[in-house]
Structures are given as C-alpha cells and as structure tokens.
Amino acid sequence: MQYDRLTARYSFSCPATGETAYVRLSQFRRIQQLPGPAHPAVFDVAFACRCGGEHEALVTHDELDWAPVGGAEPAFFNVMTGRLESTSAELADQAASNIKRGRWPWCFFCYSEERPQPVYPSSFRLVAPRENRLVLAARCPACGRTSANLVSSDHLDVPFYSDREIDVVERVFPAELGAGALAEELHAGRFATGPRRLAA
C-alpha cells in the first residue's frame, strides 16, 4: 500500500480482480486500530472498491495520517529536465506553513464540545455515503467521544480543505458502541442535524 500525494489516492490490492485499486479517503468505510503496540499502530481499513465490492486492508499510522501531509516521498516527471524529481520538501514546507497559520489538514465538529477540532484520519471511525454527501463519524481527540458530521467528499480527500458549513448529527455516540451498530445507525439516518460553521 502506498499513498500518492499528487493524486491524493491510496493504492490497495483488489482481491476480486487482482488489480490495484486507487482509493480516496472518502472511499474508506471503516477505520479501526488493531490491538497491539501503539507505536507503530496498525489500522484495519475497509474501503469501497471500483469493482463494486468492499475490501479490507492494513494501513500503518504513518501511511494513514502523515503521508497525506508530508510523510511520503512523491515524485513527478519534470518534462523540462526529463527527470523524476522529488516534491517531498516543498510539500512538507507547505503543510508546516498551513499548520502554523492554524489551518489543519482535517477538521471535525465535536457535538459534545460544540466546537471544531483538528483531527487526522486515525480518528475517523466510519464513513457512510448519504445522498450527495458523506456521514463521517470520528472520535474527538480532546474529549474522546464520537460525533458525526455530514461533509463533502473534498472535505476528506483534500488535506487543508474544509467545507465552510457542515451538518452535525445532534447527538453523541457512546464510545462502547461497536462499528457495526454505529454503521447501522448512520446508514438508517435516524437522527436530527443542525448546521455548523467550520471555515471563515
């Protein structure tokens, strides 16, 4: 598995076709940290594949959280020089500059704390398609509770981009609620939402 920062896609093997599937973060459906050592942590990810199925893959903490914002070694073919050239230093500087200005790669609205929180994909629990948006359930890094937001696919796929306004599910999901039960509630859509402002 490898993350390509220039296309913002992960590459996974598709067990149905035997081909490589290029997957955006918005195509992830479940992210769960496996028991064991936290450094390095390993996550079990379920993703929606272009073959129409849903498959599982293992992703390290570095690949999940850091590769999209500066941890990978992306390269591109420079037609002026005729060589592959690294973009790693430039992209890492850009990420650091954004964070220094208070812009985080991903932002999430915690219903319990009634405020936006910076998060990384390792905080995501579930992503469920809903009409033309996605329901994102994430664990707040500050309070540890799980809330759900309705966001665009770009909100997940493009680091340092946040929807100006999102809908927030007006309830807190218990920490002990398993991934299956949480997915059922999000897919059923039995909840009230209210708009919240994330970006200026």
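Counting other C-beta atoms within 10 Å, and keeping those with at most 16, which DSSP coil trypsin sites (Lys or Arg not before Pro) do you find in segment 19-70?
Details: sites: 24, 29, 30, 50; in loops: 24, 50.
Counting only loop positions with at most 16 other Cβ atoms within 10 Å, the trypsin sites (Lys or Arg not before Pro) in segment 19-70 are 50.
Tell me the trypsin sites (Lys or Arg not before Pro) within segment 103-188 that lie in a loop according to DSSP and have at most 10 other beta-carbon atoms within 10 Å.
In loop regions of segment 103-188 (DSSP not H, G, I, E or B), the sparsely surrounded trypsin sites (Lys or Arg not before Pro) are 164.
Taken together, the values in this text are just the output of simple stated rules run on the coordinates, not laboratory data. Because the structure is predicted, anything quoted here is derived from the model rather than measured. Note that we place each Cβ from the backbone using ideal geometry, even for glycine, and neighbour counts take in every protein chain shown.
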